[in-house]
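Values in this text are rule-based calculations from the coordinates and carry no lab data. Since this is a predicted model, take the numbers as computed values, not measurements. Here Cβ is always computed from backbone atoms with ideal geometry, including for glycine, and neighbour counts include all displayed protein chains.
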Ligand SMILES: Nc1ncnc2c1ncn2[C@@H]1O[C@H](COP(=O)(O)OP(=O)(O)OP(=O)(O)O)[C@@H](O)[C@H]1O
Ligand SMILES: [Mg+2]
């Protein structure tokens, strides 16, 4: 190896992957369009998807008075082209993958322009792709419309019956497999929530239609982390599917984060479904940031609501009711009901939860730890039980002793307390939940 090549290599290693992609694209750009300025962008990975290459044909018109006229693969030293594959209908097709491409466009007065695009895997251990594009700044609108076109063909909205449609992430993000009985929460909360959904789909939809309103009801589950909001959504989804409804689930936890574009795609799916829809949006507060905020409020206000004549019920979750509180308080009707999903409220519920997670290992003398579980979220009890069972396993014992359970509670509490000393934590959520309740002008459910 020559000294020059080794220094090039170490330089490349110290750069972030996206920097290497952008630098390569920039060099190409400057060599080919020296007089044209560009803007480097994070781009959608769907423009590298072979399904999009197959279906978005030259000649397609785009917003911004342009047309897509064709594309070619490029050699890029940072990207080794590779494609995934899978079935679509009964056909085997090439799907997502890494690659670099030059996309050609023409505007209405015949001026041609290109976009340099590269998409590759984030790292050795990652199945996540990232993509960048160099786009002439005045062509952003057309590029955005091209990206949207690629995304739509890769992840089409619901046309046929399909039970669960996930926006942002894969099927593993959300599994509607939780049994209603396994969600341990106050009975009144569970039954009010379920009654609300049933009343809406059975009678409510007709009432909205009579009033010439799109049948769209909006519920929010608010509570501190780990109280079972996601679990409750999954259990509601399971019931909805059993009752022949479609579930659309929006996740902000993939690479694309919480963007309004996802909500838009979900709303398209809701409108296209020929069935009543349960629309689940987790961490609604994350979408109430920056420019997207006004658009989300439009959705809640009914201006950009989905129009599904069979009815759509939004079930949103949040840890930060205060982020949502202010905006809904100003305008009744943005959210129809807020349900506080509380931590464990009393010893009866605590014992029920502990029994559930101890399973066959439960014995009555475990109830000595029960008082310490009150006011903790369900996730805490699950961890306590898991840890105690691990302690028994390490000690090669089949029985979990009260001592082990006690030890598990103490060590978990110690860990949480030391974390909260270390991290400057936000104020306890039970206070925020109380705040929501206090300022609740519409009699929200709890
Ligand atoms: N009410 C509950 N009943 C039974 N199990 C629970 C309950 N709450 C939490 N758990 C357990 O804790 C895990 C985490 O709960 P979950 O993800 O539903 O909490 P969350 O409220 O959505 O939290 P976050 O606000 O952080 O998203 C669940 O998968 C379950 O094992
Ligand atoms: Mg959750």
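Where a ≥ b ≥ c are the square roots of the eigenvalues of the C-alpha gyration tensor, would you call segment 13-154 rounded, which needs a/c under 1.5, or, failing that, prolate if a/b is larger than b/c, or oblate? The partial results should precede the final answer.
Values: a/c = 2.08, a/b = 1.09, b/c = 1.91.
Oblate is the answer for segment 13-154, as a/c is 1.5 or above yet b/c matches or exceeds a/b.
How many nm is it between the label spots at residue 209 and residue 253, if each spot is 7 Å from the Cα in line with the beta carbon?
3.7 nm
From the C-alpha coordinates alone, can you work out the Kirkwood hydrodynamic radius of segment 347-422, in Å?
Result for segment 347-422 stands at 12.4 Å.
Provide the descending list of Cα extents for segment 164-341 along its principal axes, expressed in whole angstroms.
Projected onto its principal axes, the Cα set of segment 164-341 covers 39, 38, 32 Å.
Test of understanding: ordering 92, 71 by Cβ neighbours within 10 Å, fewest first, what list do you get?
Lowest count first: 92, 71.
Can you give me the distance in nm between label points at residue 30 and residue 180, each placed 7 Å from the Cα along the Cα-to-Cβ direction?
So the label points at residue 30 and residue 180 sit 6.5 nm apart.
Taking 0.36 nm per residue of separation and subtracting the Cα-Cα distance, what length does fully extending residue 362 through residue 374 add?
Extra length from residue 362 to residue 374 when fully extended: 2.5 nm.
At residue 192 and residue 75, where each label point lies 7 Å from the Cα along Cα→Cβ, what is the point-to-point distance in nanometres?
6.8 nm
Give the residues of segment 19-47 whose amide nitrogen is closer than 14 Å to a point set 7 Å from the Cα of residue 155 in the direction of its Cβ.
Only 44-47 pass the distance filter.
Listing 121, 165 from the residue with the fewest other Cβ atoms within 10 Å to the one with the most, what is the order?
Working: 121 17, 165 22.
Ranked by crowding around the Cβ, least crowded first: 121, 165.
What FRET efficiency, computed as 1/(1 + (r/R0)^6) with R0 = 56 Å and r the Cβ-Cβ distance, is obtained for residue 272 and residue 393, rounded to the nearest 0.05?
0.70
Give the separation of the Cα centroids, segment 266-305 to segment 350-387, in Å.
Value for the Cα centre distance between the two parts: 37 Å.
What's the extension gain from residue 83 to residue 301 if we count 0.36 nm per residue and subtract their Cα-Cα distance? If you can, show how the numbers build up before the last one.
On the way: separation 218, 0.36 × 218 = 78.48 nm, distance 4.23 nm.
Stretched fully, the residue 83-residue 301 segment lengthens by 74.2 nm.
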